[in-house]
1. Please determine, by comparing only the residues of region 86-111 that are touching a helix residue (DSSP H, G or I) at 6+ places or on another chain (Cβ under 6 Å) and at pLDDT below 95, which one is surrounded by the fewest Cβ atoms within 10 Å (Cβ to Cβ).
2. Any residue that is without any contact (Cβ under 8 Å) to a residue 24 or more places away in the chain and within 16 Å of the chain's Cα centre (by Cα) - is there at least one of those in region 46-68?
3. Suppose the filter is in contact (Cβ under 8 Å) with a residue 40 or more places away in the chain, in a helix (DSSP H, G or I) and at negative phi; does residue 10 pass it?
4. Which of the residues that make up region 26-45 are crowded, with 18+ Cβ neighbours inside 10 Å and either in contact with a strand residue (DSSP E or B) (Cβ under 9 Å, 6 or more places away or on another chain) or farther than 22 Å from residue 93 by Cβ (or both)?
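The values are calculated or read from the model by the stated rules, or taken from the named source; none is laboratory data. Quick caveat, the model's predicted, so the values are computed rather than measured. Please note: Cβ atoms are built from the backbone with ideal geometry, for glycine as well, and neighbour counts cover all protein chains shown.
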């Protein structure tokens with residue numbers, strides 16, 4: 001336990017910042033999980049569309065692509081927010097955004 005007044009204040013500040021940063025970090029993790037789930041769901045839907053196209057059913061619904069794009073956009077927005085606040089490092093955010101966009105591009109190429 002700290003003995004100096006300044007050390008006690010620093011402990012209070014650190015705890016407050018830790019709790020504040022945890023909110024942003026958790027939100028980023030959740031949105032990345034949602035985006036990855038939408039992309040995975042998109043792969044399943046794309047496989048169904050290919051099967052339908054193979055048997056001659058021409059109509060395909062591409063709403064899964066829009067859902068994946070929206071989820072990815074939300075995750076990227078929160079990653080940028082967390083990086084600008086200093087909750088995560090800017091290169092960490094850039095790496096995660098790059099990986100998400102790479103997965104989304106692969107889904108769009110497959111569809």
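1. Per the criteria, the residue is 110.
2. So the first thing to find is which residues in region 46-68 are without any contact (Cβ under 8 Å) to a residue 24 or more places away in the chain, and the list is 47-48, 50-61, 63, 66.
Among the residues that remain, those that are also within 16 Å of the chain's Cα centre (by Cα) are: 66.
Yes, region 46-68 has at least one match.
3. Values: in contact (Cβ under 8 Å) with a residue 40 or more places away in the chain: no; in a helix (DSSP H, G or I): yes; at negative phi: yes.
Here the answer is no, as residue 10 does not meet what is asked.
4. 42, 45
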